[in-house]
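**Student:** Here it is: the structure, laid out below.
The values are calculated or read from the model by the stated rules, or taken from the named source; none is laboratory data. The model shown is predicted, which means the values in this text are computed figures rather than measured ones. Neighbour counts are summed over all protein chains in view; Cβ atoms, including those assigned to glycine, are modelled from backbone coordinates with ideal geometry.
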Amino acid sequence: MSRALYLVLAALALAACTPGQPAQQGDAAATVQASGAVCRPTPTGRQMTGCYVTVTAPADDRLISVSSPVAGRAEIHESRIENNMMIMYELRDGLALPAGQAVELKPGGSHIMLLAVTEPLKAGDSVPLTLTFATAAPVEITAPVGQPALTKAGDAAH
Ligand SMILES: [Cu+2]
């Protein structure tokens, strides 16, 4: 009897000592952050181009697809040098995004490939992109058209 009462009091005391839990990580924290997006101009006569962006997921996730109203199709690609040639291939399972880690899609590495681009993209245009993830909510960004301010390696790829 007295022991039970003691436990109840202890529970009350604990409750009193924790006024308000620290705020849960809200929606903002659960959103994938995307920054520095840019799409290259479409080469003359070509209907494809590469887009680059840095994404940081709050928890382990994957970028699984991309879409844009300016392109009939968008794929997630990876560039790789084989036999001194830059080749690229589609990441069919998407791109891994480790929790809290800024993953750069950049020339010579992974990138978003816009295919069947309906109108030529030139510097100054902007490209809406919707990034879809395995877990996190989709993110809509607008990428200006221009040259990525990054390494020269891989410039020839796109
Ligand atoms: Cu590509």
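**Student:** Considering every residue within segment 63-73, establish whether at least one is within 16 Å of the ligand (Cβ to nearest atom), at pLDDT 90 or above, closer than 18 Å to Ile141 by Cβ and touching a Phe, Trp or Tyr at 6+ places or on another chain (Cβ under 8 Å).
**Tutor:** Yes, segment 63-73 has at least one match.
**Student:** Can you run down the residue pairs with Cβ atoms below 8 Å, 6 or more apart or on separate chains, where the first is in segment 84-104 and touching a residue at least 40 places away in the same chain (Cβ under 8 Å) and the partner is within 16 Å of the ligand (Cβ to nearest atom) and among the acidic types (Asp, Glu)?
**Tutor:** Matching pairs, first to second residue: Met88/Glu78.
**Student:** Let me ask something else. If you scan segment 62-103, which residues turn out to be within 22 Å of Thr42 (Cβ to Cβ), in a strand (DSSP E or B) and within 15 Å of the chain's Cα centre (by Cα)?
**Tutor:** Listed by number, the residues that qualify are Ser65, Val66, Ser67, Ala74, Glu75, Ile76, His77, Glu78.
**Student:** Go over the candidates Thr135, Thr130, Thr49 one by one and state the one that is under 10 Å from the mean Cα position of the chain (by Cα) and either touching a residue at least 60 places away in the same chain (Cβ under 8 Å) or closer than 26 Å to Ala30 by Cβ (or both). Step through it out loud before you land on a result.
**Tutor:** Working: Thr135 fails: under 10 Å from the mean Cα position of the chain (by Cα); Thr49 fails: under 10 Å from the mean Cα position of the chain (by Cα).
Sole residue among the options that is under 10 Å from the mean Cα position of the chain (by Cα) and either touching a residue at least 60 places away in the same chain (Cβ under 8 Å) or closer than 26 Å to Ala30 by Cβ (or both): Thr130.
**Student:** What single numbered condition from (1) surrounded by fewer than 18 Cβ atoms within 10 Å (Cβ to Cβ); (2) more than 19 Å from the chain's Cα centre (by Cα) fails to hold for Ala59?
**Tutor:** The single condition Ala59 does not satisfy is (2).
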